[in-house]
1. Apply the Karplus curve 6.51 cos²θ - 1.76 cosθ + 1.60, θ = phi - 60°, to the phi angles in segment 24-30 and return the couplings in whole Hz, x for Gly and Pro.
2. Counting helices only, and only those DSSP H runs with n ≥ 4, report the 222 nm mean residue ellipticity of the chain as the sum of -39,500 (n - 2.57) divided by its residues, in deg cm²/dmol to the nearest 500.
3. Using the Cα gyration tensor of segment 1-104, with a ≥ b ≥ c the square roots of its eigenvalues, what is the shape: rounded (a/c below 1.5), prolate (a/b larger than b/c) or oblate (neither)?
4. Gaussian network model of the chain, Cα springs within a sub-10 Å range: biggest mean-square fluctuation belongs to which of G32, G112, G88?
5. Considering only Cα-Cα distances, which of the following residue pairs are longer than 23 Å: K56/K141; K29/K98; K5/K51; K29/K51; K124/K166; K5/K56?
6. Ordering Y116, Y1, Y77 by how much accessible area each has at a 1.4 Å probe, largest first, what is the list?
7. Report, to the nearest whole %, how much of the accessible area of the chain belongs to carbon and sulfur atoms, 1.4 Å probe, protein only.
8. Looking at the chain as a GNM with Cα springs under 10 Å, which of I123, I71, I38 has the largest mean-square fluctuation?
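The values are calculated or read from the model by the stated rules, or taken from the named source; none is laboratory data. Keep in mind it's a predicted model, so treat the numbers as computed, not measured. All Cβ positions, even for glycine, are placed from backbone atoms using ideal geometry, and neighbour counts span all protein chains on display. Each accessible area value is taken on the protein alone, full model and side chains, heavy atoms only, with ligands, DNA and RNA left out. Shrake-Rupley method; radii C 1.70, N 1.55, O 1.52, S 1.80 Å.
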Amino acid sequence: YFFWKWLHDFSVKNTVVCGVGVGLTLASKFSGVYIIPIFGLIFVFDLFLNKQHRNKLVVVQFCIMFAVGIIVLMSTYFFVNFSDFFTGLERVIDDSRKGRHAFLLGEFSTEGWWYYFFVAFAIKTPIPTLIIIAGALFLLKKRFSQKELFLLVPIFVWAIAFAFNKVNIGLRHI
């Protein structure tokens with residue numbers, strides 16, 4: 001929300017608040033690192049679509065936002081054991097390369113399946129929710145705007161990133 005708000009008002013307050021959100025996201029879960037390419041893609045799309053946003057100050061504020069995020073992340077490690085974040089991130093990346101024993105549709109695998117999270121989502125999500133999502137996508141097809149792009153980019157980045165992850169042990173790992 002605050003990144004969307006920042007894209008509409010490049011105030012110092014919105015820059016700092018969004019940076020705090022970035023830092024807390026990174027501190028809460030290692031998959032939070034995907035917020036970096038997500039924000040980057042949305043920012044590039046915004047620069048491409050809005051000529052008035054193409055100035056050095058906006059780019060500097062974007063960098064400051066991530067600097068604030070790093071400071072917040074470091075503060076969660078009390079500025080002492082910040083290297084633990086990278087150690088943990090490295091372990092998660094290593095696990096996702098190696099894979100784990102998983103089960104899907106009657107098969108076992110340590111390599112995973114590219115479609116695992118799509119199938120798990122379809123099976124575990126209540127049918128009324130799936131119907132609402134399908135209806136929303138149908139309506140979205142009729143009137144697509146930049147606002148919808150802002151909502152869809154994160155979903156597509158996460159879906160692509162986790163489609164190639166070999167750790168297929170549940171939706172909670174997304």
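1. These are the phi-based 3J(HN,Hα) values: 5, 5, 5, 6, 7, 7, 4 Hz.
2. Numbers: 8 runs with 119 residues, N = 174.
It lands at -22500 deg cm²/dmol.
3. Working: a/c = 2.84, a/b = 1.61, b/c = 1.76.
Judged from the Cα gyration tensor, segment 1-104 comes out oblate (a/c at least 1.5, b/c at or above a/b).
4. Its mean-square fluctuation being the largest, the pick is G88.
5. On the way: K56/K141 35 Å; K29/K98 20 Å; K5/K51 18 Å; K29/K51 35 Å; K124/K166 20 Å; K5/K56 19 Å.
Beyond 23 Å: K56/K141; K29/K51.
6. Working: Y116 20, Y1 165, Y77 50 Å².
Final ranking, largest accessible area leading: Y1, Y77, Y116.
7. On the chain, the fraction of accessible area on carbon and sulfur atoms equals 71 percent.
8. Maximum fluctuation in the GNM of the chain, among the listed residues, is at I123.
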